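Values quoted throughout were computed directly from the atomic coordinates according to the rules given, and no laboratory measurement underlies them. None of these values were measured; they are calculated from a predicted model. All Cβ positions, even for glycine, are placed from backbone atoms using ideal geometry, and neighbour counts span all protein chains on display.
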């Protein structure tokens with residue numbers, strides 16, 4: 001409905017994944033096709049966009065951007081579009097927005113419990129009533145496991161709806177409490193994979209050990225602690241609370257811990273970090289810790 005206010009509109013979904021390794025001319029072609037403009041001349045590049053849309057009021061959403069070059073190829077300057085145009089860029093990288101000179105940055109907050117439950121109800125079983133009574137409390141538990149993350153609500157609703165008995169839901173919810181669903185982990189791991197090696201180590205320190213700890217304490221313990229925390233903040237992987245503590249979303253931290261377990265092939269004695277009290281006791285009691293443990 002909102003797009004009807006504009007002469008042309010385009011939504012490029014999940015640019016990072018759907019248009020990975022594509023040339024700027026390919027993105028520009030998809031962009032103009034989305035705006036209902038055909039016959040794009042690749043050699044003209046941005047000049048073609050300006051010529052086609054420079055006098056039109058357009059509404060554009062560039063979703064899941066992860067490189068400055070993607071923005072520059074499609075909307076480097078506001079002069080490419082007519083007066084009243086609206087360009088929305090979604091990304092996990094605040095630094096990217098700053099580099100592109102974005103006028104207004106809005107941080108999307110997680111849903112609260114009530115909002116998350118309403119979204120989950122609309123998604124579970126395709127919005128149809130559950131197959132039997134007794135699912136209400138399960139819906140609440142499932143929505144709470146997503147901790148307000150919309151992508152997790154979508155994944156959990158789809159995954160759990162494959163089961164039609166309360167018993168199976170109980171079993172699956174117990175598993176999701178320990179490990180994020182693979183679709184959620186894949187989404188969250190994308191941000192981790194984009195970090196350099198030193199930032200990855202800092203990320204894992206927070207995920208496994210320092211989530212909720214005072215910022216000054218953590219930065220004093222880590223090598224180059226302040227710039228590392230700044231990098232993680234810019235990538236929306238952590239935030240700093242008003243009382244000066246480092247906060248990492250529950251599912252992001254769970255993904256970090258899953259990465260540590262995967263890299264050690266689920267052998268605690270070979271993990272980079274240990275956080276489970278039982279595993280720590282077992283490693284120390286049996287003197288089986290290896291050099292990998294920090």
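Could you check the spin-label model distance between residue 278 and residue 170? Points 7 Å from the Cα along Cα→Cβ, value in nm.
2.0
Relative contact order (percent) for the stretch 41-188, with alpha-carbon contacts under 8 angstrom and 6 or more residues of separation?
Reported as a whole number, the value is 18 percent.
Put a dot 7 Å past each Cα toward the Cβ at residue 79 and residue 94; how far apart are the dots in nm?
Modelled inter-label distance: 3.1 nm.
How much length, in nm to one decimal, is gained on full extension between residue 114 and residue 286, taken as 0.36 nm per residue of separation minus their Cα-Cα distance?
Full extension from residue 114 to residue 286 adds 57.3 nm.
Any chance you could list P(r) for the stretch 6-139, counting all Cα-Cα pairs in 10 angstrom bins from zero, rounded to whole %?
Distribution as computed: 11, 34, 25, 16, 11, 3, 0 percent.
For residue 5 and residue 72, what is the calculated FRET efficiency with R₀ set at 25 Å and r taken between the beta-carbons, to the nearest 0.05? Numbers along the way, then the final one.
On the way: r = 26 Å, r/R0 = 1.06.
Plugging the Cβ-Cβ distance into 1/(1 + (r/R0)^6) gives 0.40.
Beta carbons within 10 angstrom, averaged per residue: use that to sort the peptides 88-99, 258-269, highest first.
Numbers: 88-99: 16.5, 258-269: 15.0.
With the highest mean Cβ count within 10 Å placed first, the list reads 88-99, 258-269.
Just grab the label-to-label distance for residue 216 and residue 23, each label 7 Å out from Cα along the Cβ direction, in nm (one decimal).
It is 5.5 nm.
What three numbers, in Å, describe the spread of the alpha carbons of the chain along their principal axes, ordered from the longest?
Sorted largest first, the three principal extents are 72, 55, 36 Å.
Just want to confirm a number: the relative contact order over the chain, from Cα pairs under 8 angstrom separated by 6+ residues, in percent. Walk me through the numbers on the way to the answer.
Numbers: 358 pairs, mean separation 34.7, N = 294.
So the answer I get is 12 percent.
I'd like the distance between the alpha-carbon centres of the stretch 52-122 and the stretch 233-279, rounded to an integer number of Å.
Taking the Cα centre of each part, the stretch 52-122 and the stretch 233-279 sit 29 Å apart.
Taking the highest mean first, how do the peptides 141-154, 22-35 order by number of other beta carbon atoms within 10 angstrom per residue?
Details: 141-154: 20.6, 22-35: 16.9.
In decreasing order of mean packing, 141-154, 22-35 become 141-154, 22-35.
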